[in-house]
Amino acid sequence: MRRWFCRHKIAVDVTIAICFVLLDTGMTLAGATWWPRHPGTLAWVMLGAQAAACLSLAVRRQAPLLVIGVLTAFTLAVTLLISPAGALTPEHTANVWAPYSTALAAYGPFYYRQDWRTVSVIRHRQDQRAAWAAVAMLTLVVARPWQPSATVLTFGALRVVVGPLLALYFGARQRLVQALTERAERAERERHLLAEQARAEERARLAGEMHDVVTHRVSLMVLQAGALRMTATDEATRQAAEELRAAGCQALDELRDLVGILHTAPDAAHPPTGEDEPVSTPDFAALIAESTAVGTPAELVVDGDPALASPVVARTVYRAVREALTNVRKHAPGARVLVRVSYDPSQVRLEVRNTPLADPAGAARAGLAGTGSGLGLAGLRQRIELVHGTLRAGPVPDGGFSVEATLPAYVPTAEPVAS
């Protein structure tokens, strides 16, 4: 209901003004104010003037002092026409001659005044003094102290004073509600910030624990694989041990990168000059050769300098290519694959697209589609988003499938620890 009133303020104000016009006209004709026993032309003219004065309530929000001035002028004119001019002779001389609209007019300057937070202190005080002066003048004219009457003084003063008192009460209540609302919103924002801080601290703590536990175990595996490589008697065992050791070292590097990202502030800026770790170029050629060897022909196109990508971005791109080729071998065996990697100073773009299947039924009989967990692309998306990248995957118009990723060229990580 409040929102409806806010949207239709003008219509509401005009309606209220018309209601007071009808109320004051009816009460005047009933003899409750200044209406004479035998009305003449002047009485009817003044009745029309009263209706026009009451209709000024339609602008009480925009010009409350103007409304008070109009009603004060009308009441003073009626009073002077009655006495000392004697042009009007009211049927009941003990009535209050001001229209009932004066009560609502006195309410306006104190409730619809400008917000003190949007104007200067001096302007606010000037507006207050003007409002009190206008209401005092209206009270003086309505109560007619120069014609002493207990009834007129009492009801006239009450009719004017009740409006400002109600306005001050509702205004104070509105400001209190607004202050409480702002306090609640501020408390909600602080609670959200505290929750974010606690989440960041817990994230860093879990990252540290993960690093400590996994690094300890994997480093033991790497040492044992290295010892096995040195002591093994046959070449096959030494080769397997070396592959195991290399995989463990790579896992430790990726773990360090991930933990570094978790510890890095979101607004980390550009890399410090001369302090970056060496950038290793991902061995995409090996992945392409493996894919071609198992019956999935692949072609590699590299644009730009791979050294522009930071190590964690390079390894993320490598994992994305590996996961995409794995999915092609599972879901589209025999399809041709194009791998395109583009490097520039600000970002790295990757596209892995395979051609449509010549024999979809044969691909289904291969039985590889159901061997995965179904979380490959989801996990890859999470890894790419972790380095502030984006991933798009889906079918293409020619019937094939495309995986496209865009990553920033640089992502800050923790400094490498000396061995």
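The values are calculated or read from the model by the stated rules, or taken from the named source; none is laboratory data. Remember, it's a predicted structure, so these values are computed and weren't measured experimentally. In this analysis, Cβ positions are derived from the backbone assuming ideal geometry, glycine residues included, and neighbour counts consider all displayed protein chains. Accessible surface areas use protein heavy atoms only, side chains included; no ligands, DNA or RNA. Shrake-Rupley method; radii C 1.70, N 1.55, O 1.52, S 1.80 Å.
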Projected label distance in nm at residue 23 and residue 80, using a 7 Å step from Cα toward the beta-carbon: 2.8 nm
Surface accessible to a 1.4 Å probe, per residue, for the residues of the range 151-234, Å²: 74 Å²
Segment residue 218-residue 205, extension gain: residue separation times 0.36 nm, minus the distance between their alpha carbons: 2.7 nm
Among 158-165, 72-79, 315-322, the order from most to least packed when residues are scored by Cβ within 10 Å on average: 315-322, 72-79, 158-165
Under the Karplus curve 6.51 cos²θ - 1.76 cosθ + 1.60, θ = phi - 60°, whole-Hz ³J(HN,Hα) for the range 23-35, x wherever Gly or Pro sits: 5, 5, 5, x, 5, 5, 5, 7, x, 7, 10, 9, 5
Cβ crowding within 10 Å averaged over residues, with 39-45, 339-345, 52-58, 104-110 ranked highest first: 104-110, 52-58, 339-345, 39-45
Potential extension, residue 301-residue 130 segment - 0.36 nm per residue separation minus Cα distance: 53.6 nm
Per residue accessible area of the range 14-87, 1.4 Å probe, in Å²: 46 Å²
Two-site label geometry, residue 37 and residue 235: point separation in nm, points 7 Å out along Cα→Cβ: 13.8 nm
Percent breakdown of C-alpha pair distances by 10 Å bin, ordered from the shortest bin, for the range 145-197: 20, 23, 18, 14, 11, 8, 4, 1
Hz values of 3J(HN,Hα) by residue in the range 70-75 - Karplus curve (6.51, -1.76, 1.60), Gly and Pro given as x: 5, 5, 5, 4, 5, 4
